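Each remark here refers to the structure printed beneath this line.
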There are 2 protein chains.
Amino acid sequence: MLQLTSQPSEPSTLLPIKSAVMAIGGAEDKVRGRQILQTFFNRAGGEEAIIAVIPSASREPDVMGQVYLDIFTEMGAKGVEVMMVTERHHGEDDQLLTSLEDCTGVFMSGGDQIRLCALLEDTPLMEKVRAKVWQGEVVLAGTSAGAAVLGHHMIASGGSGEAPNRALVDMAIGLGIIPEVIVDQHFYNRNRLARLISAIAAHPDRLGIGVDEDTCALFEADGLIQVIGKGAVTIVDPRHVTCSNYNSTGMTDPLSLYNLKLHVLSHGDCYDLHKHEVHSQKAEFPSV
Amino acid sequence: MLQLTSQPSEPSTLLPIKSAVMAIGGAEDKVRGRQILQTFFNRAGGEEAIIAVIPSASREPDVMGQVYLDIFTEMGAKGVEVMMVTERHHGEDDQLLTSLEDCTGVFMSGGDQIRLCALLEDTPLMEKVRAKVWQGEVVLAGTSAGAAVLGHHMIASGGSGEAPNRALVDMAIGLGIIPEVIVDQHFYNRNRLARLISAIAAHPDRLGIGVDEDTCALFEADGLIQVIGKGAVTIVDPRHVTCSNYNSTGMTDPLSLYNLKLHVLSHGDCYDLHKHEVHSQKAEFPSV
């Protein structure tokens, strides 16, 4: 059991993003109110939106791409294109890179986050998406696997039904759109609080963000996270953890973690990444 | 969303108990090291121990009683008696009350906590057990259902796979041995963190104690909780919660809870109920 000699460094409060990034916990409503998808559509410019759908995480990218193409077309987007990146060299395709120039919204589907990263990381296409998000030129949304990849550190896979431990989660490197966070999805639906705690124990300089199904953590450029949707967004904040046995315990032994802070947030709640405070904006926050 | 006008009252730091109370998370090792059962046996007096086993939570109290009778007999207890309380009037039985006089340890088995409470609450037998614990005359252990009943408020049943919400947990009144806490068991094994958070949202003046299988939260008379065993003990501390929508939300809507403190503790860790602090006693704590 090691006493931490100093507090873990705070996650940077200066998000690199200059436009909204939406981490969706999977299984977002695609039929009725479509609250989250409608929010993405609106943020991307509404009827002026030009949207790129990246279905690369899916094993059926044709099907998955068509689903979102139909939805955003039906909503009235000015343009929707499915970017069929199913081989790494597609991420160098000049035509896709040219198309991306005019995009106002990029939507990454669900599937397998390892596959998504393997296809996209370090490609010119991904570099351009990241640059456009950081420069405020495009709204980015990712659902399920598409949300898992947003941080620098990514949960590749993991288990449940165990106390937090080092073997409960497999980490990998994500796409680093918002490096400061580790995003988990299908969160309470698949009982993933223990695995997110395990991930944060490994990386106590990051902030854990657990997003439920049909729920979105909407990162604003000004450092606010807004919660939209039916479930909860859980913030796992390790900044005040005083002691952890992470580096001195066996892989499957239960972890000790003292003084972890947890915020369980629902629709309309808001977390301020600058002040590390939560507040409710239920009265002010528009539902779409 | 209601802002709390004041902090919820702190759980009393003056435990009524004057001897150890062991909250065991179920499925404790009964065969090999028997670390937790051996600790109970030792605390009850070792070879001088006179132990009462109360198997009332079980649907097969004969079988369950015999299991523990055999174990404590094999360990060398001076006396072991199974108290077959299977009807409420058994809790008034003079012979059982007389037997209890000499006991140094009482062990409550697993099963159904509602059944256990229905059979025992407000009986002379239970009053006597509680009085003897509070007077320091007997060590009490409860496993699974036997641990669930220890607080004033008790989790009767609940679900998982959902964000914390009012409908996720059914509360009842427990046996009130340690009124200040709400104990949950089979904790990470059955993904019960969300239901314990839901229970604590309903009773923010209590402290949540989640105990894993083959793990024990050992409450000492001096206000320390020691952790023994293979899993984790999770402390859910709502004393600093600044905002909760508990009283303004629908039964199945996700709860908002800001600033919940969580301590994930493993074998050898220690929580001080007076100071509300955690510290490691790994070096000092004997394994049995």
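The values are calculated or read from the model by the stated rules, or taken from the named source; none is laboratory data. Nothing here was measured: the structure is a model prediction, and the numbers come from that model. Reconstructed Cβ throughout: ideal geometry from the backbone, glycine too, with neighbour counts over all protein chains shown. These accessible areas exclude ligands, DNA and RNA; they are computed on the full protein's heavy atoms, side chains included. Shrake-Rupley method; radii C 1.70, N 1.55, O 1.52, S 1.80 Å.
Assorted remarks:
- Per-residue mean of C-beta atoms belonging to partner chains within 10 Å, peptide B:157-163: 5
- Amide proton proximity set for A:K18, modelled H, under 5 Å, gap of 5+: A:W134, A:Q135, A:G136
- Across all C-alpha atoms in the protein assembly as shown, the radius of gyration and Dmax reach 26.4, 90 Å.
- Assigned charges on the beta-carbon of Lys, Arg, Asp, Glu; segment B:3-270 dipole about Cα centre (debye): 740 debye
- Buried accessible area, chains B and A (both chains, 1.4 Å probe, Å² to nearest 100): 2600 Å²
- Against chain B, whose longest principal axis is taken from its Cα atoms, helix B:61-75 shows a tilt of about 70°.
- Value of Rg to Rh for segment B:3-270, rounded to two decimals, is 0.97; Kirkwood radius and Rg both from alpha-carbon coordinates.
- Largest mean-square fluctuation among A:D102, A:D94, A:D222, in a Gaussian network model of chain A whose springs join Cα atoms under 10 Å apart, belongs to A:D94.
- Shape category assigned to segment A:132-257 from the gyration tensor of Cα positions, a/c cut at 1.5: prolate
- Averaged over the residues of peptide A:39-52, the number of Cβ atoms from other protein chains lying within 10 Å of each residue's Cβ is 0.
- Proportion of all alpha-carbon pairs of segment B:8-148 beyond 18 Å (%): 52 percent
- Between the Cα long axis of helix B:124-134 and the first principal axis of chain B there is an angle of about 70°, rounded to the nearest 10.
- Across segment A:167-230, the fraction of Cα-Cα pairs farther apart than 16 Å, rounded to a whole number, is 48%.
- Total charge dipole magnitude, the protein assembly as shown, about the Cα centre, Cβ charges on Lys, Arg, Asp, Glu only, Debye to nearest 20: 340 debye
- Choice from B:M64, B:M251, B:M108 showing the highest fluctuation, given a GNM over chain B with Cα pairs closer than 10 Å: B:M251
- Highest-fluctuation residue, A:G161, A:G174, A:G231 considered, GNM on chain A with Cα pairs under 10 Å: A:G161
- Shielding by partners, peptide B:249-255 (average Cβ within 10 angstrom, other chains): 4
- Angle between chain A longest axis and helix A:193-202 axis [Cα atoms, degrees, rounded to 10]: 70 degrees
- Between A:D70 and B:R239, the FRET efficiency estimated from the beta carbon spacing at R0 = 51 angstrom works out to 0.50.
- For chain A, lysine pairs with C-alpha atoms less than 15 angstrom apart, excluding pairs fewer than eight positions apart on the same chain, total 5.
- The protein assembly as shown, helix-only ellipticity at 222 nm - DSSP H runs n ≥ 4, -39,500 (n - 2.57), divided by all residues, nearest 500: -6500 deg cm²/dmol
- Where both bridge residues fall in segment A:3-270, DSSP classifies roughly 60% of the beta bridges as antiparallel.
- Potential extension, A:D205-A:N42 segment - 0.36 nm per residue separation minus Cα distance: 55.3 nm
- For segment B:165-288, the dipole from Cβ point charges (+1 on Lys and Arg, -1 on Asp and Glu) about the Cα centre works out to 360 debye, to the nearest 20.
- Cα shape, segment A:49-118, gyration tensor, a/c 1.5 rule: oblate
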